[in-house]
1. Please compute the length gained on full extension between residue 140 and residue 323, using 0.36 nm multiplied by the number of residues separating them and subtracting their Cα-Cα distance.
2. Can you put 413, 259 in order of Cβ neighbours within 10 angstrom, beginning with the fewest?
3. Separation between the residue 90 and residue 31 pseudo-spin-labels, each 7 Å from Cα along Cα→Cβ, expressed in nm?
4. Work out, step by step, the length gained on full extension between residue 215 and residue 286: first 0.36 nm times the residue separation, then minus their alpha carbon distance; give nm to one decimal.
5. In nm, give the distance between the simple-model label positions of residue 304 and residue 98, each being 7 Å from the Cα along the Cα-to-Cβ direction.
6. Tell me, in nm to one decimal, what length is gained between residue 362 and residue 241 on full extension, where the rule is 0.36 nm per residue of separation less the Cα-Cα distance?
7. Could you tell me the ratio Rg/Rh of the range 250-304? Both radii from Cα atoms, Rh via Kirkwood.
8. Hey, how many Å between the Cα centroid of the range 79-139 and the Cα centroid of the range 198-272?
């Protein structure tokens, strides 16, 4: 075995979006720091390397990437997967040219100071880490193309990941989309864009989810239509159902079918036009998850859907952001990147990088980095909003100037007047809104304490508390 010895201040494991955002912030903040960046892919970008060819951002490019470089044309553009990969390549090249970053692609970390080459068996590296090991893989983003279907499939039945839609053979008599998340939505829209009649598409949807109206999160509107409006929704709500009725009435959330009450909330965004097109698919099958696919039928938890060997089944069931246990972000010589603001993982990684660069005591840093797990059910939205709100309040007090300058933060793209107005409205309604949050959390999670990333807990508390996760 050949062992190479390396020196670095930080060993960052994972060159996906979070790893790149953290690395960019560290290298920007301290000109003396050196980073070794290790990843199993050949190029930076993480799961974007494995995504389908027609993938694009669901949120504006203004909020994605790293702080030091604008993504594409920025603004409200929905950058394509190709653009995102080229962007991360450009960011990597910039830092490599500074000679403060060393990148080791196609390598596998052992979870400590060592990693091995995936291309040259027996070639191992050991890093003398002067400061921290950074785990940028903990969120474990999964896409369909990197794993087999999670259900048995009969011989002769064709099941493909969405990646294969761009290179399938002759037209099929029927297409079945399995999965109702962002990937399933993209697959449905792609098929219709390619001319497939919506009546030839069946959509297996185990659970309906609330969608974000993309128009409400555009640069220049996030404060006007954002936090203060959502706090107003909370203030007037006495239950979870009342909250979502209020959110829907104010166009904060949308649903596929006005007659079906969603039970999930996973931050997927749609435009009104996309939603109208998705509603053209009339065969939406709500009979639970796929158990198996036989030669003549898809067996579901609550029924059966006829199928044939000529049908193309598109597996979109990978859980892109599965729930993970909260661990301390800062723990001795280790940093574990996690979300600190609801559904803004990349911005969260930049915040962690900034906090790391300005403080030395783990307790203080963890108090500023309360983890916000990715929501799954509607009730998770409440807990995620409570902690996100508390985090932003703390950041504004502790390092408001950096927050305002951070390209990845929604408030960066707002006018000073809009920010001041939002702050005034927030202060005015926050006490009642936070009381409502506490009440809804107690209803939805009866008897369960809320936990932060350090493990301390307060029963039924939220907002200004050290709340992180319920249950």
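Laboratory data are not the source of any read-out in this text; all were calculated from the coordinates shown. Just so it is clear, the model here is predicted, and its values are computed rather than measured. Every residue, glycine among them, receives a Cβ derived from its backbone with ideal geometry; neighbour counts consider all protein chains shown.
1. Contour length minus Cα-Cα distance gives 64.9 nm.
2. Exposure proxy ranking, most exposed first: 259, 413.
3. 2.5 nm
4. In short, 22.7 nm is gained.
5. Inter-label distance under the simple model: 6.2 nm.
6. Between residue 362 and residue 241, full extension yields an extra 39.7 nm.
7. Expressed as Rg/Rh, it is 1.05.
8. Between the Cα centres of the range 79-139 and the range 198-272 lies a distance of 37 Å.
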